[in-house]
């Protein structure tokens, strides 16, 4: 039986012979994985491993007899296939690459989205956002646009150029995959006490039959600022200072799914665009099933109401 373990394909019979012919650490070098990873693969495939002290006993000519390789039932094979699928889902949620797509798979998004160094021939939505967000007159530390249709970008002025470059590459990459992108218009919402407030529009991409909302923001840290007052003293105010660390986020993902791709010590948002695009179908699948379940529930309620009326 053959099982796929995230990146490496193992043959049970061959693996059984190898781990009993040489230490796991040596056999792991042949597969390009660590000894811990190979031992985990053996346990999943139910391949018995030599115990502690086996190689010392074998060197002394007193090695115990090795156990035979057990046969896998159909149920065990199904569990292995399901476990491999689940690990791929988990790796995708962690921003790690999934199993390499097949060349004939037209629905698998590409992951080679490159961010340009300069904003040349920007996407139409990026061009509009640049004009709105760079407009003079605002003294706020963060730039955003709430009263006009604009990309969901909330960053400091010093990070705006980088944010526009990221959004430009992402939007162009999404459209290359055939996805539709739009920015909705702001609308007014009324609170319980009757006061109207403006709700900003959202940036969203159509995946299948569901809209996924996303945006780009910058983290900040809270700092204390001493403001002098008229009587010679000072007051302490807490202000938000930009950190320069950006976050690509999804706002309407189902519970349990990844929602952010952040700058970190070993990666930047620019490196996560391919993983973000590849993850969108995983978010859309439960959204579609949720709407299907809702439609079924509404149909059931309608049929119950009809029965009540007939009585």
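Here are the numbers for the structure shown:
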{"quantity": "Per-selection Rg to Rh, the range 205-256 - Cα, Kirkwood hydrodynamic radius", "calculated": "1.34"}
{"quantity": "Alpha carbon convex hull of the range 124-295, projected area averaged over orientations, nm²", "calculated": "14.2"}
{"quantity": "Gain on full stretching of the segment that runs from residue 213 to residue 229 - 0.36 nm per residue minus C-alpha separation", "calculated": "1.3 nm"}
{"quantity": "Per-peptide average of other Cβ atoms within 10 Å, ordering 252-262, 117-127, 161-171 highest first", "calculated": "161-171, 252-262, 117-127"}
{"quantity": "Computed E for residue 119/residue 198 - FRET, C-beta separation, R0 22 angstrom, nearest 0.05", "calculated": "0.20"}
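Each value in this text was obtained by applying a stated rule to the coordinates, not by laboratory testing. This is a predicted model, so every value here is computed, not measured. Methodologically, a virtual Cβ is constructed for each residue, glycine included, from the backbone with ideal geometry; neighbour enumeration extends over all protein chains shown.
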